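Since the structure comes first, as structure tokens, the remarks are kept for the end.
The values are calculated or read from the model by the stated rules, or taken from the named source; none is laboratory data. Small disclaimer: the values here were computed from a predicted structure and weren't measured. All Cβ positions, glycine included, derive from the backbone under ideal geometry; neighbour counts span all protein chains shown. Accessible surface is based on the protein model in full, side chains and every heavy atom, while ligands, DNA and RNA are left aside. Shrake-Rupley method; radii C 1.70, N 1.55, O 1.52, S 1.80 Å.
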Amino acid sequence: MKARNAARSGRRARHARALLLGATVLALGCGREREHPVSDTSELRRGTPSERVVELVPRTPYLATYPCSDQCHDAREPDATPRELVTFHAGRRVAHGPAIHWCNDCHSLDEPDHLVALDGETAISFDASDRLCAQCHGEKHRDWSEGIHALQTGAWRGTVQRRLCTACHDPHAPGRIQLEALPPPEPDPRVSGEPS
């Protein structure tokens with residue numbers, strides 16, 4: 001009986017440490033931005049059956065050169081020819097798998113302040129870029145939509161602020177993110193079976 005209780009206590013302690021680690025990772029937010037303005041655009045509000053409202057945190061406030069048309073692209077003729085970029089985007093390399101070869105695979109040539117769907121015609125807001133990612137990454141997008149693969153803050157019920165894919169992944173070279181695990185919490189001496 002004592003062995004069973006000790007094993008049960010050990011499982012509870014490991015479970016509590018895992019929950020604390022998960023909460024800490026969410027709170028730290030992958031080391032990204034500390035201020036998170038949330039758009040009140042109804043397009044970004046997605047309710048769930050559990051009375052939870054998910055607000056997508058817009059990306060445009062974090063894009064230093066947005067809107068692109070005001071910065072440069074209003075005075076430039078669109079050019080879809082792959083080439084070495086020598087002005088503002090110099091050094092930018094596209095390493096996003098076999099389907100993405102050049103800027104216009106994702107960026108609209110006609111509307112520089114928008115992304116473009118795979119059909120080449122549907123404009124997508126930078127603040128709804130998950131829709132672009134979903135076209136090729138359906139399984140990840142499903143997990144993101146459910147909050148499994150996502151950076152979000154808030155509560156289990158009420159309002160949750162969820163970050164878009166590009167808050168953690170570089171869309172031009174989106175390799176895996178390396179997260180450093182935090183050390184486990186100190187054992188609670190009040191929990192039986194834990195060393196003091």
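Specify the residue that is most open to solvent (accessible area, probe 1.4 Å); the eligible residues are those in region 63-84 that are among the small types (G, A, S) and at pLDDT below 80. Can you show your working first?
Step one: list which residues in region 63-84 are among the small types (G, A, S), which gives 64, 69, 75, 80.
Then keep just the ones that are at pLDDT below 80; that gives 75, 80.
Values: A75: 90, A80: 42 Å².
Taking the candidates together, the pick is A75.
Given the condition assigned to a loop (DSSP other than H, G, I, E, B), open to solvent by 30 Å² or more (accessible area, probe 1.4 Å) and within 28 Å of L179 (Cα to Cα), answer yes or no: does some residue in region 114-136 qualify? Step through it out loud before you land on a result.
So in region 114-136, the residues assigned to a loop (DSSP other than H, G, I, E, B) come out as 117-122, 129, 135-136.
Now restrict to residues that are open to solvent by 30 Å² or more (accessible area, probe 1.4 Å): 118-122, 135-136.
Retained after the next criterion (residues that are within 28 Å of L179 (Cα to Cα)): 135-136.
Yes - at least one qualifying residue is present in region 114-136.
Would you call E111 more than 30 Å from T159 (Cβ to Cβ), of a type in the set (D, E, K, R) and in contact with a strand residue (DSSP E or B) (Cβ under 6 Å, 6 or more places away or on another chain)?
Values: more than 30 Å from T159 (Cβ to Cβ): yes; of a type in the set (D, E, K, R): yes; in contact with a strand residue (DSSP E or B) (Cβ under 6 Å, 6 or more places away or on another chain): yes.
For E111, the condition - more than 30 Å from T159 (Cβ to Cβ), of a type in the set (D, E, K, R) and in contact with a strand residue (DSSP E or B) (Cβ under 6 Å, 6 or more places away or on another chain) - is met.
Does A90 satisfy the criteria of being closer than 17 Å to D170 by Cα and surrounded by 14 or more Cβ atoms within 10 Å (Cβ to Cβ)?
no
Scan R131, R59 and give me the residue that is in contact with a strand residue (DSSP E or B) (Cβ under 8 Å, 6 or more places away or on another chain), under 30 Å from W156 (Cα atoms) and of a type in the set (K, R).
Answer to the check: R131.
Given (1) part of a loop (DSSP other than H, G, I, E, B); (2) at pLDDT 80 or above; (3) open to solvent by less than 80 Å² (accessible area, probe 1.4 Å), where does V53 come up short, assuming only one miss?
(1)
Does region 147-170 hold any residues that are under 24 Å from C106 (Cβ atoms), part of a loop (DSSP other than H, G, I, E, B) and out of contact with any strand residue (DSSP E or B) (no Cβ under 9 Å at 6 or more places or on another chain), and which are they?
Within region 147-170, H149, C168, H169, D170 qualify.
May I ask you to say which residue of W156, W144, W102 is modelled with pLDDT under 80 and aromatic (F, W, Y)?
W156
Is it the case that R142 is outside any loop (DSSP other than H, G, I, E, B) and either open to solvent by less than 70 Å² (accessible area, probe 1.4 Å) or in contact with a strand residue (DSSP E or B) (Cβ under 8 Å, 6 or more places away or on another chain) (or both)?
In short, no.
Give the residue that is least open to solvent (accessible area, probe 1.4 Å), with candidates limited to residues of region 168-186 that are closer than 17 Å to H141 by Cβ and at pLDDT 80 or above.
Ranking the qualifying residues of region 168-186, first place goes to C168.
So for region 167-190 (the condition being among the hydrophobic types (A, V, I, L, M, F, W, C) and within 13 Å of D130 (Cβ to Cβ)), does at least one residue qualify?
Scanning region 167-190 turns up at least one residue that is among the hydrophobic types (A, V, I, L, M, F, W, C) and within 13 Å of D130 (Cβ to Cβ).
Select from region 56-90 the residues that are acidic (D, E) and in a helix (DSSP H, G or I) and list them in ascending order.
D70 - this is the single residue of region 56-90 that is acidic (D, E) and in a helix (DSSP H, G or I).
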